[in-house]
There are 2 protein chains.
Amino acid sequence: MSRKKEDGKETARAPSAKTGRKQPTSYDVARLAGVSQSAVSRAFSNNGYVSPEARKKITAAAVQLGFRPNALARGLITRRSRLVGVVVADLYYSFYVSILHQLSGALRASGFHALLFSIPSSENIDAMITDVLAYQVDGVIMSSARLSSRAPGLCRDAGVPVVTMNRIVDDSSISAVATDNRGAGRMVGEFLQAGGHRRFGFIAGLDDSSTSRDREAGFRDALAQAPAVAQGGFTYDGGHRAALDLMLGANPPDAIFCASDIMAMGALDALRFDLGLTPGEDVSVVGFNNAAEAAWRTYDLTSVTASAEELSQRAVEILAELIEDPDLAPQREFLPGQLVLRSSARMPENWPLDGGGNVAAAAGDIKDS
Amino acid sequence: MSRKKEDGKETARAPSAKTGRKQPTSYDVARLAGVSQSAVSRAFSNNGYVSPEARKKITAAAVQLGFRPNALARGLITRRSRLVGVVVADLYYSFYVSILHQLSGALRASGFHALLFSIPSSENIDAMITDVLAYQVDGVIMSSARLSSRAPGLCRDAGVPVVTMNRIVDDSSISAVATDNRGAGRMVGEFLQAGGHRRFGFIAGLDDSSTSRDREAGFRDALAQAPAVAQGGFTYDGGHRAALDLMLGANPPDAIFCASDIMAMGALDALRFDLGLTPGEDVSVVGFNNAAEAAWRTYDLTSVTASAEELSQRAVEILAELIEDPDLAPQREFLPGQLVLRSSARMPENWPLDGGGNVAAAAGDIKDS
DNA sequence: GATTGATATGCATTCGAATGCATATTCTCG
DNA sequence: CGAGAATATGCATTCGAATGCATATCAATC
């Protein structure tokens, strides 16, 4: 309210910040408003009866004192912290970034707050779970390519609802929201065949990644003959090398589906700069995730989009339901991917085959500063 | 410990998850171990005396019951939540991503946990601060290009230490850790002049962004004549347009410094595809942040690196000190940027001028899945 | 043997908000 | 007017761990 303005002397002590500053409590507000602490509590938690006048006095007193309810104390007594643990590994995977942003927003909209745990490669997840649980989180959302299938079970066993996002574990008692990777792979296969391609390549991510495996499986479902496969490890360099492997091998493909956009970009650069080919004419390339960079002129990459927003929203919705009623059956939901058409892959004459599944939309803008 | 294995029936109820599962408390542990609750508390908080035997019994009992101290209750009584609010806007700015990852790790290493608030453009920051404070965070780290200068003050006035990261506000009572943007801008100016360039362009970010302003100021410091300036808004498209503006204007530059890598990539694509020029030969381009994409073949962008790791670590260190002693003077620290040399800018004959400030290092890998 | 200090333990209280219960007041309607 | 519901308020207790204080035990020292 009335911070003293001081001149910019920066000697030894901070300008304001009265050391012993104590937060006002509901009792302080009650005293000032001339009511009981219960009344203050009821006013702020919107539970029980509070007369209009009392509420007015309480609000005024609260504002005057700068009172805000202590979420820790509230959580202790209600046994609801309104905290949700968000566990991600590999935050540098670009797709997880938008997930995180969307997730934070969706949680807030539902009155929750995100306790973030970004797992460094070195650390073991189980130790982190301990920390997560110590904060009495109401639920946990896990999203990570390197997620041990044990981690979600640990939470579930502690009675804390879990939803895995963009990632599924074998345990069917764990709720999950993910892109329908297999269906999307199938769609890409149909798309490339409709474009007249006949020799296919697939650039895979990591061996233990279900996303990559499922995309490949769907791709195979759709194809008349099996694709050549190379490992790209989900990196630009890996995609670059994998593309060279495929193109320099016997019977090089005329269409390549990459399990991620980053690898697709590496592949595009290999085709153009190392092999002198023109993507979209000599060879078609399709990626996955519709990363922001896919829309850049250099790449103009046809890609499957998995909406981070939609995934996040569903994950939070499902988690919120599970928190409401922990006995609810686990839900596993698979959102369809959509093909974003750009110039890196030849456009079939008649597409879509059935009227749905692809969009012309652009990727979200990406910035830095 | 002994979860019943059930067959995969997924009807209406979840397989395990005994509904009323209650977390064991320190009293339960005490009873089982045959000691007092105080002893259990002392054993887990490592405060006060606990005999080796007692500790052993307590540990055994705790393991048996699956006890973990309730962080909320602990925070309530100790008045230390070990939570740190991390406020970022614009999570999609790629540089903030690595900051977030590094930050989460650094906080954990210091025994803190990150309560994440990612501000959607629509929302006002002040409302969010209320939430942050309600959780009795021990401190706040703010990092955002769209950070109102009022927000840090709100926390400080509530007695909560704040450190702004990669961003500074005018108020000198707020601690900050940032790259020495002005010094880095100067370095880029010297570098480009040493490379024999004489007509300079600068692609700016946002008007109200101190990072962009400071980089420009340093750049001007170093130059004999003022650069032409265009606005790029920190986006790829913005950089693309800005580069065209500069190059198609009167007296086009032969060297362009961009306030961020994303804009630099837009600029590079404009030069190559729209104007048919060769970066590094016809025109030199330098970016800022050393984003992962800067190392990609397509761009091979010379850029200034600001280490997210170093920034994060210092921010957490400073914050931890402030939490220890809130009366400590605010610290404002500026870490030097380093030039990462690649082919997008012509290499001067004798560089570095003074032996320091540039590195050959590559950017970290980026992945997606 | 008496004194001191270090070690160990438990009791009771505390943190701040929520809530069951009892009670008081007002309103509604037969 | 009186019975009963709806509204309003406060008291006392509760959540779970930490800690000041009192006390107990033991070893070292004079």
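Laboratory data are not the source of any read-out in this text; all were calculated from the coordinates shown. Computed from a predicted model, the values in this text were never measured in an experiment. Virtual Cβ from ideal backbone geometry, glycine too; neighbours counted across all protein chains shown.
Residues B:247, B:187 in ascending order of nearby Cβ atoms (within 10 Å, fewest first): B:247, B:187.
Value of Rg to Rh for chain B, rounded to two decimals, is 1.12; Kirkwood radius and Rg both from alpha-carbon coordinates. The loop-placed GluC sites (Glu not before Pro) in the range A:232-309, going by DSSP, that have at most 16 neighbouring Cβ atoms within 10 Å of their Cβ come out as A:281. Ordered by the count of other Cβ atoms within 10 Å of each Cβ, fewest first, A:53, A:317 give A:53, A:317. Where a ≥ b ≥ c are the square roots of the eigenvalues of the C-alpha gyration tensor, would you call the range A:196-244 rounded, which needs a/c under 1.5, or, failing that, prolate if a/b is larger than b/c, or oblate? In terms of gyration-tensor shape, oblate. Amide H to amide H distances under 5 Å link residue A:180 with A:335, A:337, where only residues 5 or more positions off or on other chains count and H is placed in the peptide plane. Exposure here means at most 14 other Cβ atoms within 10 Å; with trypsin sites (Lys or Arg not before Pro) in a DSSP loop as sites, the longest stretch of chain B lacking them is B:199-369. Plainly put, the tip 7 Å out from Cα toward Cβ on residue A:343 is 2.2 nm from that tip on each other copy, the closest given first. Could you give me D for the range A:26-69, from Stokes-Einstein at 20 °C and 1.002 mPa s, where the hydrodynamic radius is the Kirkwood radius over C-alpha pairs? Units µm² s⁻¹, please. Once the numbers are plugged in, D ends up at 219 µm²/s. Compared with the rule-of-thumb size 2.2 N^0.38 Å for a compact globular protein, the range A:222-337 has a Cα radius of gyration ratio of 1.36. Directionally averaged projected area (the protein assembly as shown, Cα convex hull): 37.4 nm².
Neighbour counts of C-beta atoms inside 10 Å place B:211, B:25, A:298 in the sequence B:25, A:298, B:211, starting with the fewest.
Sorted shortest first, the distances from the residue B:109 label point to those of the same residue in the other copies are 3.6 nm; each point sits 7 Å from Cα along Cα-to-Cβ. The aspartates and glutamates whose alpha-carbon is closer than 12 Å to the alpha-carbon of residue A:22, local same-chain residues fewer than 8 away aside, are B:157.
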